[in-house]
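Just below is one structure, and these are the notes that go with it.
The values are calculated or read from the model by the stated rules, or taken from the named source; none is laboratory data. None of these values were measured; they are calculated from a predicted model. All Cβ positions, glycine included, derive from the backbone under ideal geometry; neighbour counts span all protein chains shown. Side chains included, ligands, DNA and RNA excluded: accessible areas come from the protein's heavy atoms. Shrake-Rupley method; radii C 1.70, N 1.55, O 1.52, S 1.80 Å.
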Amino acid sequence: MGILDGHIPLSQLRCQDDSLPTDTSIAQKRTEESILENYIPYAPNNVNRQSLESIRLERENHISYLKKALENLSRWMMALDASKPWLTYWILHSLELLEEEISSEHIERGISTLGKWQHPKGGFSGGPDQIPHLATTYAAINSLAIIGTKEAYNVINRETLYKFLMSMKQPDGSFTMHTGGEIDIRGSYCALSVATLTNLLTPELTKNCSNFIQRAQTYEGGIGPYPGKEAHNGYTFCGIAAMEILGDMKKLNLNKLIKWCSERQMGLEGGFQGRTNKLVDGCYSFWGAGSFPLLYAEMLRQKKAQGFDYMFDREALQEYILLCCQSRYGGLIDKPGKGADYYHTCYCLSGLSTAQHIITPNFEKVKLIQERGTDALTGGIGSLMWSCANEFTAVGEVDNILASTHPIHNIGMDKTRSIIHYFYQKEIDSIKDLLPKDEEPIFDE
């Protein structure tokens, strides 16, 4: 429905503190004031209301911002010296969502550079001469998948990668992020996503994983970083996506989970917050909305879904991203008044894509493939079961529509299929005729 396409005055959607202000409510009201400055020109009761159809994604502006980063970064990026694969992923994924091709020169440079960050003992480091880390391994594998050439795939040393993943694995089913590092749900998702794309998902690697994630679901319904910790949208997405890979979504309390995830979408802003009583943030456009395709798929499995749509306000999220999160200098931001960065650009665009497309598993194909003796419920073959419906929900101009992104891995649908086809050639040979395809677009004559 959207915030701006409804009939409720914006003033009625504002935070109510019962005249008992707190630091939290004061910060919330200040944020709402900055949002209203962007929303009032389009408000339902504005007599000089501007058309919602005029809302525009400044595509070329963002492409220019991102392409400059492929040549050089500002000195402020020194603070991210241990996150070089992340910078690569954020920029490349943003460009693929914007449907901007990467030049052959940048492809060659990307393959060479990412290869240098691969650690001799397995996995990928944040940069040269650093220890391997699960988060940067995830970012590096996703970057190579986006580059999408045989040369890029061949950079990955699967033998040492598997040894690294197993060295991070803990007896309770969790993963430590690096040797001597912290344990949390990010590790579970990063390890399982990487293993899925590279055909390394083994019973040895997945043992007890779903039990650890199940224990991290909180009394609120969301998932925390570790059992007993507060629920958080980033960890919730990681936990849900990991459970989808494992085929164990049924182990989660789905009703409480959906309620918690739905409550993270803000009433006035339309964007998502990370935790209860926190402010809206553009990055949660993906970490929040990204959970819903996975939740919807499980609802379909359990025959609980009503209608053909996700369970959040897709138009409202798009309104927030397009009106409040675009920097005039290119790139996307957390909220009005903040500056652009590559992290928020990536996850605002990922959330925008998620809100525009409907992507679901093809359960008929799953059943047929299972009957041929191939597991289509977990791992890489499970990831191939997802396809795009010929259904779009776009706020503003039709040119605002982005490329689709895979609900589990957050890389383009085609790039996800390509890397899985490469590493699962033997498994796929006997089921090629059954693999789902995206619905063809239908254009009005």
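Summary of computed values
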quantity	calculated
Subset of the stretch 17-62 (residues that are in contact (Cβ under 8 Å) with a residue 24 or more places away in the chain, polar (S, T, N, Q) and either under 18 Å from residue 279 (Cα atoms) or part of a helix (DSSP H, G or I) (or both))	24, 28, 31, 34, 38, 54, 61
Some residue of the stretch 2-9 being closer than 16 Å to residue 271 by Cα, open to solvent by 90 Å² or more (accessible area, probe 1.4 Å) and of a type in the set (A, V, I, L, M, F, W, C)	no
Flag for residue 354 being under 15 Å from the mean Cα position of the chain (by Cα) and on the phi < 0 side of the Ramachandran plot	yes
Top-ranked residue of the stretch 163-200 - restricted to ones that are small (Gly, Ala, Ser) and in a helix (DSSP H, G or I), ranked as surrounded by the fewest Cβ atoms within 10 Å (Cβ to Cβ)	167
Counted residues, the stretch 362-379 - those being open to solvent by 50 Å² or more (accessible area, probe 1.4 Å) and at negative phi	10
Residue 401, sole failed condition from (1) in contact with a strand residue (DSSP E or B) (Cβ under 9 Å, 6 or more places away or on another chain); (2) more than 18 Å from residue 358 (Cβ to Cβ)	(2)
Which listed residue is over 29 Å from residue 155 (Cα atoms) and not basic (Lys, Arg), from 239, 224	224
Test: residue in the stretch 50-57 that is surrounded by 18 or more Cβ atoms within 10 Å (Cβ to Cβ) and at pLDDT 95 or above	yes
Hits in the stretch 63-85 - residues which are among the hydroxyl-bearing types (Ser, Thr, Tyr) and free of Cβ contacts under 8 Å to residues at least 60 places away in the same chain	74, 83
Residues (surrounded by fewer than 20 Cβ atoms within 10 Å (Cβ to Cβ) and of a type in the set (D, E, K, R)) located in the stretch 388-425	391, 397, 399, 414
Qualifying position, being open to solvent by less than 50 Å² (accessible area, probe 1.4 Å) and within 17 Å of the chain's Cα centre (by Cα), among 88, 160, 149	88
Pairs where the first residue, in the stretch 224-248, is in contact (Cβ under 8 Å) with a residue 24 or more places away in the chain and the second is assigned to a loop (DSSP other than H, G, I, E, B) and polar (S, T, N, Q), C-beta under 7 Å, 6+ apart	224/218; 230/218; 231/218; 245/378; 246/378; 247/378
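This table checks each residue for (1) of a type in the set (Lys, Arg); (2) in contact with a Lys or Arg (Cβ under 6 Å, 6 or more places away or on another chain); (3) within 22 Å of residue 290 (Cα to Cα); (4) at pLDDT 95 or above.
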| position | (1), (2), (3), (4) |
| --- | --- |
| 371 | no, no, no, yes |
| 400 | no, no, yes, yes |
| 404 | no, no, yes, yes |
| 413 | no, no, yes, yes |
| 416 | no, no, yes, yes |
| 422 | no, no, no, yes |
| 430 | no, no, no, no |
| 434 | no, yes, no, yes |
| 438 | no, no, yes, no |
